[in-house]
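Each remark here refers to the structure printed beneath this line.
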Amino acid sequence: MLNSDSDKQKSPLRRFLFILGAAFFVVVVILGLMIMFWDKLPLQLSQTQRYTFGGLFILYGVLRFVRIFRTDTGQ
C-alpha cells in the first residue's frame, strides 16, 4: 500500500513539464482576458469578436491544463 504508483515521487523532468504547463495555462488565460477586456490593445476587432477570440484562448488554456493534469496523474 505504501509503494503504490500515486505515492512515488515525480521525476524532475515530469515536475518541470508540469510547472511549464501550469505557467503556459496562466499565460494563455491572461492573454485571453487581455484580448477581451483591454480596450487599448491594438486589435481592430469588434467587441463581440474580442469576446469570442478571448474566450477561445481561455478555453484552449483550460483544455491544455486538463490534458496535462490528466497525463500527470496517470489517468
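The values are calculated or read from the model by the stated rules, or taken from the named source; none is laboratory data. Since this is a predicted model, take the numbers as computed values, not measurements. Backbone-built Cβ (ideal geometry, glycine too); neighbour counts: all protein chains shown. Each accessible area value is taken on the protein alone, full model and side chains, heavy atoms only, with ligands, DNA and RNA left out. Shrake-Rupley method; radii C 1.70, N 1.55, O 1.52, S 1.80 Å.
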Among the residues of region 53-68, the number that are open to solvent by less than 80 Å² (accessible area, probe 1.4 Å) and over 22 Å from Phe16 (Cα atoms) is 4
By residue number, the members of region 17-75 that are basic (Lys, Arg) and part of a helix (DSSP H, G or I) are Arg50, Arg64, Arg67, Arg70
Here the residues within region 17-30 that are closer than 15 Å to Gly55 by Cβ and open to solvent by 70 Å² or more (accessible area, probe 1.4 Å) are Ile30
So, first residue on the phi > 0 side of the Ramachandran plot in region 49-71, second residue open to solvent by 60 Å² or more (accessible area, probe 1.4 Å) and β-branched (Val, Ile, Thr), Cβ within less than 6 Å, six or more apart or across chains; the pairs are none
Say whether the condition of being small (Gly, Ala, Ser), modelled with pLDDT of 90 or more and surrounded by 10 or more Cβ atoms within 10 Å (Cβ to Cβ) is met by at least one residue in region 31-38. yes
